[in-house]
Structure formats: C-alpha cells, structure tokens
C-alpha cells in the first residue's frame, strides 16, 4: 500500500510542477494536469479499497525539524473510506476537466488552475490521512487556502471576489475553533499525536470534553455548511469552476464529517452524553429542512445545488446524531446502524452531488449561463448530459433503485428504532426528525422536478439554449463514471454494507453487517428483519420488468410502433416559450405555504399604454427572499466588530516608541504570569 501512496504523491506533484514548467502550451498543460490527477486519484481509489479490506491500520512517519510537528500518516478504515471517496470524485472531476478547461483557455491560466487543483486534492487526502494534530491543521489550512484560490479563478468579476472573501473569512473562523479543540487535547495528552489524543496522560474532565465537542462542532460544522454556518456555500460553490464545485460540494465538506466522527468516536472512544447526539441530530434536521426549502427558491442552478449540499449534510448528521444517541445509551448495534447509515449517505451524496455539479457545468459550458429561466428544450440538444443529470436528480431525490434511496432508507430505519431508548423525550424526538426527513424528501422531489423540467424540457427560452450543443467526450466520460457509481451503490448494498461495517465496527464497538444483510445479502434489514426489510436488487428488477411489461402491452394491443412528428396542439394557438412554466411560477405555491419562513418581497411594476390604462405596455416583476441569517445574525456581528475596530484603532498612533512600549508591557505581563 505504501507503493500506491508514493504513486498518489508522485502523480499529484507531477500535476503541480509539469504544467508550470511548460509555459505557452495551454493544450498540453490542460492534458498534463488532468492526466496526472487521473493517475493519482486512481491510485488513491485503490489505496482506499485496500485500506478498507486491511485487517490492520497502515502507518508511516517522516522526520520534521519543526517542534511538535510530525508528518505522521495512518490509514485505518475510517481514513481509507474517505480516501476512496475523495479519489473517486477526484477521478471523475479530473477526466471531466480534460474537456471543461477549454472553457477557460484565453482568459485564465489553465496551468495554474490545474496545478492548484492537483495540490488541492493532495492536501485533502492528507487531511484524512494525518495522524498528528499539527500536521492535520497544516493540511487543513492548505486545503482551505487552495480552495479559496480555486473559487476566485475568475477574480475579475465582483461577485467572485465577494464570494471568495466571504468563504475565506468563514473557513478561518471555523479553523480557529478547531485549533482551540486540538489545543485542549494537546494540553491533556502532552503531544499532538492522535495516538496521544486517544490515550491522554491526564484524561479530560466532562466539562472540557464538552468544550472540545462544541469547538469541533462549530469548527467542522462551518466547513460542512450546517445551519446557521452555511452562508458561504451559496456564494462560493456557484462561482468556482464546475469541476472544482463538484469536489468542493462532493468531498471537501465531507472532510468536516470525517473530523467530527474522528473526534467523537475515535478520540473520545464513543463515550459521551446523550445531548451531544441530540445536538447533532437537531442541527442535522434543521439543516436538511431549511437547505431544501431555500434550494427550491433558487433559479441559479449552481446555487440551487449548493443549498442541497446543506440539506444532505443535514441528512448525514441525522444518521450520525442518531448513532451518537444510541451509543450514549449502550445500544451499540443501533449506534453502528446510525453511523453506517450516515457514512453510506456520505459517499452517496459525494457521488450524486458531484454528478449534478458536473451536469450544471455542462449546461454552463453549452449555454454560457447558470440561470434556469434561460434554459429549456436542452434534452433534445444535449441528450447525454440530460440523461446523466436525470440520474443524479433521481438519486438526490432518494428514488429507487439509485444510491440515495438506500442510504436515506437506512437513516429512516435508525430513527424509527428510537422506541428502544429508555428516555421518553428522545423516543418522541427521533420520530419527529424522521417526519422532517420525509418532508425534506418531498420538497427535494419538487425541487428537482423544477430543475430538470425547466432546464431540459419544453422549448428553448433563450438564444443560448437554442444553439446549445452536446459537451465534449471527456466531460461525458467524467459524468458517466459517477452515473455508474450511483447505480452500483444503489443496487449492490450487499457489497457496500460489509465495507462500511469495517468502518463503523471499530468506532461503535460492534459489527452488524451480518444483521443488516439478510437472505444471503439480497435484502437489507435494520438489525432485525422482523422490523423492516428491503431488497434493492429485487426492487430494481421489478421496476425494469414493469417497464418492459408496459412496453410489451403497448406492442400487443397497439400494434407495431410508429413515430409521427407533429407540432403540439395548443388550442389553435402557436406555442411559444412564453407559454411555458417558469422556475419562478413553479415554486409560487410552495413560497406561499412557507411565506413565514421565506418572508418574500414581491415587486411588480406596470407601464400602461398612453391610449388606455387598461392595456399594459410592459410589466417588470422582481422577487426576493429575505436573507434571514445574514440579516439577523451576520450583519449585526459585522457591524459590532466594525464599530469595535473603529474604537480600537486609536492605539495605532503611528509612533514607534508607543509600539515598543506595547511590546515591553506585554513581555512584563507574560513574565509575571510565568512566575
């Protein structure tokens, strides 16, 4: 496995250095960066699979002259799972980039973009491999900075600069909380080694453990995008290059899930009070519901997908939160089920969300716009992209037989099993969370009915859509890889569950693969087959059989199939794009139902003909959703710190003598504290 690690490292380093050494050849630079990333991610995917099947963790270390820093790596089952997830999405994005980067040639350096992308994937891999707190923070910070530079690729645009600034501020706030959590662990362990964190010299008190948990939850939650720390996602994800958006939303925010699981289940050995799990469950349910609700109101396709990342992070946290609650009551099998369900949805969301972002990038490549109101009729012009996007939409809506259905079903089952908890409060709260998850699923279905229908069906609503063409082959191959994984993860849980059980078993303290899989692996059962069971392969076969039966009946009773093309009947009126449903009109009923949450602002201006006020010459419609979190949380905080900064600036008098006095007083105070 160490050889695979060297291939991974060599591939990424080649992708960073080679393009920069060959200036003036954009075509060669584009292919070099992509091929190098393909080699590295392929090695990473194999490394992750081998790590999942290995009986013992693989460790390695490299000397460092920096105090407290040790380049220690550890490939255990948890890190192997995330290495595979990062590499699988990175592989598809790298293949996709071979064609997509043509979109930037001439106004963006593809060499720098490709080098940054390789470095970004490398740092992300080291985040989940690090076995030292200092090394983890170094890789985490490099990952954040590199992702910032990727987000601001088109920095000449004001919206891109604003999104980049917003992102870099939020990510460093999150990092500050993670640093505090690790410093507390360091004080107890006497070392930054993760092994010392697991077995500290002086165990932390319950209060300090709770503080570490809260610091980690805020720090990692900021990167994950949980509500109300999600505000950077709808700004940063849409403006980044689409293959970067796929990795940002598909796997980078999952490194936060890795960090949270590592802290709670590994560092603390799964020993924590019930309210930790309830906090995670509550934040997950809130994020899931609000994420999908705000996604419904978006007409920018990539912003819509960014809000759905908030939703799906919430679903992941619901599974993990339920597992933490069960763990706190000693229900280890149910804890393992909740954790397994959350991890299953982690990889599923990584796959189908990356697919959807690559699909959105293909639409942007072909139409030069992200506004769904300017799409329409694209399925006929871009059949491959449309078909791939449909698979991603079905997956994110948790419809069988795709992967999203399996993991959400397992999350549901873990929530329904709350009747085994002795506390009445939690017996009620977990089913309520299941009801919220059900509502989330319905709204997600409505959202992607809008996204797919408005974008791909009916007639083109702009010249961009009218002249769109299918994207190059590498972009289709990249999406095809993810489509294959969406289907495979959905119909083959008998392969996936045993691998995930290798991740959850050491963390929860019990193996449940044999109890989750029934009928020789052909059915899923949440620990007890008498409670509920499901066979996704059989369900997939039934769906195919019913489709074939319908086609057969049509042939038998309808005769030989013939195709006749004719214009759609429109009551004698020639159909035009103005008669179609718009994205705005589609969501009006939902906007009215949830108007208390959305607090919409509608502005309608009408200009009448001079001859009569009963005939309108022009109407202008504007519709805005109140940015509740920005208005009531972040804007007051920014105003407070701005006022505080204005008052503190008096200490910057421009006097060197005064600055030396500050330093002298500070040194005296530190010496007094040391004594």
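The values are calculated or read from the model by the stated rules, or taken from the named source; none is laboratory data. What you see is a predicted model, and the numbers here were worked out from it, not measured in a lab. Note that each Cβ is placed from the backbone with ideal geometry, even for glycine, and that neighbours are counted across all protein chains shown.
For the reader, a short list of remarks on this structure follows.
- Only a single item in (1) surrounded by 20 or more Cβ atoms within 10 Å (Cβ to Cβ); (2) part of a loop (DSSP other than H, G, I, E, B) is not met by residue 469, and it is number (1).
- Residue within the stretch 606-628 that is loosely packed, with under 10 Cβ neighbours inside 10 Å, part of a helix (DSSP H, G or I) and out of contact with any strand residue (DSSP E or B) (no Cβ under 6 Å at 6 or more places or on another chain) present: no
- When we screen 449, 444 for residues that are in the same structural domain as residue 321 (by TED's automatic domain parsing), surrounded by fewer than 17 Cβ atoms within 10 Å (Cβ to Cβ) and either under 17 Å from residue 397 (Cα atoms) or under 22 Å from the mean Cα position of the chain (by Cα) (or both), the only hit is 449.
- Count - residues of the stretch 537-579 that are under 38 Å from the mean Cα position of the chain (by Cα) and part of a loop (DSSP other than H, G, I, E, B): 1
- Number of positions in the stretch 124-138 that are touching a helix residue (DSSP H, G or I) at 6+ places or on another chain (Cβ under 7 Å) and crowded, with 22+ Cβ neighbours inside 10 Å: 10
- Filtered residues of the stretch 643-674 (kept if within 29 Å of residue 233 (Cα to Cα) and exposed (fewer than 10 other Cβ atoms within 10 Å of the Cβ)): 645
- Test set (1) surrounded by fewer than 21 Cβ atoms within 10 Å (Cβ to Cβ); (2) modelled with pLDDT under 95; (3) closer than 26 Å to residue 130 by Cβ; (4) in contact with a helix residue (DSSP H, G or I) (Cβ under 8 Å, 6 or more places away or on another chain) - residue 271 fails condition number: (4)
- Qualifying positions in the stretch 399-439 - without any contact (Cβ under 8 Å) to a residue 60 or more places away in the chain, closer than 26 Å to residue 535 by Cβ and more than 24 Å from the chain's Cα centre (by Cα): 419, 431
- Matching residues, the stretch 376-416, being part of a loop (DSSP other than H, G, I, E, B) and either surrounded by fewer than 24 Cβ atoms within 10 Å (Cβ to Cβ) or on the phi > 0 side of the Ramachandran plot (or both): 376, 377, 397, 398, 399, 400, 401
- For the stretch 326-346, taking the residues that are part of a helix (DSSP H, G or I) and more than 24 Å from the chain's Cα centre (by Cα), the one that is nearest to residue 265 (Cα to Cα) is identified as 327.
- Screening the candidates 208, 215, 297 for the property of being in contact (Cβ under 8 Å) with a residue 12 or more places away in the chain, within 27 Å of residue 374 (Cα to Cα) and either surrounded by fewer than 23 Cβ atoms within 10 Å (Cβ to Cβ) or out of contact with any helix residue (DSSP H, G or I) (no Cβ under 8 Å at 6 or more places or on another chain) (or both) yields one hit, 297.
- Tally of residues being at negative phi and either surrounded by fewer than 22 Cβ atoms within 10 Å (Cβ to Cβ) or modelled with pLDDT of 95 or more (or both) across the stretch 183-192: 6
- Verdict on residue 226 being farther than 20 Å from residue 507 by Cα, at pLDDT 90 or above, surrounded by 24 or more Cβ atoms within 10 Å (Cβ to Cβ) and touching a helix residue (DSSP H, G or I) at 6+ places or on another chain (Cβ under 9 Å): yes
- Wholly enclosed helices (runs of 4 or more DSSP H) of the stretch 140-246 bearing at least 3 residues within 21 Å of the chain's Cα centre (by Cα): 158-189, 206-224, 233-239
- Scan of the stretch 507-530 for residues that are more than 23 Å from residue 402 (Cα to Cα) and surrounded by fewer than 19 Cβ atoms within 10 Å (Cβ to Cβ), ordered by number: 509, 510, 511, 528, 530
- When the stretch 420-441 is filtered for residues that are surrounded by fewer than 16 Cβ atoms within 10 Å (Cβ to Cβ) and within 15 Å of residue 278 (Cα to Cα), the ones remaining, listed by number, are 422, 423, 424, 425, 427, 428, 431, 432.
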